[in-house]
Amino acid sequence: MNSEFRKQYFLNKFVIITPGRARRPHEIMEQSQAVSDFKCEFCPETLDKKQLIKAYGQGRIWKMAALRNKYPAVTLENKKAYGVQEVIIDTPDHEIKFSALNVQDISYYFDIMADRLKEITRDKKIEYVLQFKNHGSKAGATIRHEHSQIFATDILPPDILDELNSAQSYKVERGACPYCDILKKELKSPRKIYEDKYIGAFTPYASEYHYEAWIFPKRHLDNVSMLTREEKKSLAECLKKILIKADSLGLAYNFFMHQVVKDSGQHFYIKIQPRDKNVWAGIELGSGLVINSVAPEKAAKFYRS
C-alpha cells in the first residue's frame, strides 16, 4: 500500500497513512522502570480517606471508588481555572489490568462514570466533561494501579468547539447526525472491528494513532448516563476485546468519552488511542499533519483476528 493523504470525516484535519515508514530503524528506545518500593495510594489499605468522595460496591472492600485529585489543574475555588478533577479507582486489586476485569465489572465502570457525570454537571457552570483513562507510561499514567480520571471545566476546548460546529454544519446540510452516518458506513467497510445489536466498533478512516479504534452505540444518545443496561454490557464486551488485543502488543493506550453539557445532540462514543513508537515529532508539531504507519484497515484486521 502506497502512502496517501486522508481527510478526517467532516473535520478539516488530515492524516498521511504511510505503511512503508513502519520499516524505519529505531536506534533510540524508550524504557520504563517500575519502582518496587512505591507505596500505592490507590490500594484499599493505604487509601487517603480524606480524598474519598464515594465508594461503590457492596462488601468489606469497595469495588470502585471516586477520589478528589490531589494535584488538580482546576478547582471549584479558583475562578481563573474553574472546574473539577476526580480520580476513579477501577479496581481494588493493585495487580490486575483493566482488560482483565470481567464484563460485569467493566459494565459497572460505566455505571460509575454515569453517576459521576450526573453529580458533576449539577454545577451549572460546568460546560465540558472529559472522562478518560491513561494506561501505561507512554499514555501519561504515573501510577500502575488501574485508575481513570475525570476533568470538568467551565470552558469549552477549541478543538471540541470546532468539532461541534462542523457536526452542526453537517446536520444542516444533510439532515442527519454525521456520526450516525459514519457508523453505518464503516460497519460495511474493511475497517469494521465488531458489531452486535447495540454497538459497533471500527478503526477510523484517517486514524491519527496506530491501532486507533472507536466504539459507538447504534442508538443516537448524548452521554454515558443514557446508556441502557444492554448497551453498557455490549460496550464492555467490545472494549475488553479491543484492550486485550492492545495489551497483546504491549501497547499503552488512552481511551476517553466527551460530554458537552449544553449540547444534547451529541452522539456518545468511546475513542481508544494506543500509544507506541508513533510519537508526534517535527512534521506533526510543525505542520499539524499526522503521519500514521499502520493503516486502519490493517489494524481492524488485527482486532478481528
Output the number of residues of the range 186-202 satisfying the condition of being open to solvent by 60 Å² or more (accessible area, probe 1.4 Å) and under 13 Å from Glu237 (Cα atoms). 3
Going residue by residue through the range 90-102, is there one that turns out to be outside any strand (DSSP E or B), in contact (Cβ under 8 Å) with a residue 40 or more places away in the chain and β-branched (Val, Ile, Thr)? yes
Criterion violated by Val84 - all others in (1) in a helix (DSSP H, G or I); (2) touching a Leu at 6+ places or on another chain (Cβ under 8 Å); (3) hydrophobic (A, V, I, L, M, F, W, C) satisfied: (1)
Just to be sure I understand the filter: pairs with C-beta atoms under 7 Å, separated by 6 or more residues or on different chains, first member in the range 155-172 and in contact (Cβ under 8 Å) with a residue 24 or more places away in the chain, second member assigned to a helix (DSSP H, G or I) and surrounded by 14 or more Cβ atoms within 10 Å (Cβ to Cβ). Which pairs pass? Ala167/Pro178; Tyr170/Pro178
Need the failing condition index for Tyr253 against (1) surrounded by 18 or more Cβ atoms within 10 Å (Cβ to Cβ); (2) of a type in the set (Ser, Thr, Tyr); (3) closer than 24 Å to Phe10 by Cβ, just the number. (3)
Cross-chain or 6+ apart pairs with Cβ under 7 Å, the range 50-68 first and farther than 14 Å from Ser148 by Cα, then open to solvent by 70 Å² or more (accessible area, probe 1.4 Å) and in a loop (DSSP other than H, G, I, E, B): Gln51/Lys70; Tyr56/Lys63; Gly57/Lys63
Tell me, yes or no, whether the range 226-247 has at least one residue that is of a type in the set (Gly, Ala, Ser), assigned to a helix (DSSP H, G or I), open to solvent by 10 Å² or more (accessible area, probe 1.4 Å) and within 26 Å of Ala141 (Cα to Cα). no
Among the residues of the range 36-64, what is the count of those that are touching a Lys or Arg at 6+ places or on another chain (Cβ under 7 Å), crowded, with 16+ Cβ neighbours inside 10 Å and among the small types (Gly, Ala, Ser)? 0
Of the conditions (1) open to solvent by less than 40 Å² (accessible area, probe 1.4 Å); (2) assigned to a loop (DSSP other than H, G, I, E, B); (3) at pLDDT below 90, the single one that Pro25 does not satisfy is (1)
Out of Leu183, Leu221, which single residue is closer than 28 Å to Asp123 by Cβ, over 15 Å from the mean Cα position of the chain (by Cα) and at pLDDT 95 or above? Leu221
Only one of Lys245, Lys262 that is in contact with a helix residue (DSSP H, G or I) (Cβ under 8 Å, 6 or more places away or on another chain) and among the basic types (Lys, Arg): Lys245
Among (1) over 25 Å from Pro92 (Cβ atoms); (2) over 16 Å from the mean Cα position of the chain (by Cα), Lys138 falls short only on (2)
So Ile155, is it open to solvent by 40 Å² or more (accessible area, probe 1.4 Å) and in contact with an Asp or Glu (Cβ under 7 Å, 6 or more places away or on another chain): yes
Some residue of the range 107-125 being open to solvent by less than 10 Å² (accessible area, probe 1.4 Å), part of a loop (DSSP other than H, G, I, E, B), touching a helix residue (DSSP H, G or I) at 6+ places or on another chain (Cβ under 8 Å) and at pLDDT 95 or above: no
Single match in Asn102, Asn78 (criterion: closer than 23 Å to Leu235 by Cα, open to solvent by 40 Å² or more (accessible area, probe 1.4 Å) and either of a type outside the set (Asp, Glu) or touching a strand residue (DSSP E or B) at 6+ places or on another chain (Cβ under 8 Å) (or both)): Asn102
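The values are calculated or read from the model by the stated rules, or taken from the named source; none is laboratory data. Quick caveat: nothing in here was measured; it's all calculated off a predicted structure. Using ideal geometry, Cβ is built from the backbone for each residue, glycine included, and neighbour counts are taken over all protein chains shown. Surface accessibility is based on the protein's heavy atoms, side chains included, excluding ligands, DNA and RNA. Shrake-Rupley method; radii C 1.70, N 1.55, O 1.52, S 1.80 Å.
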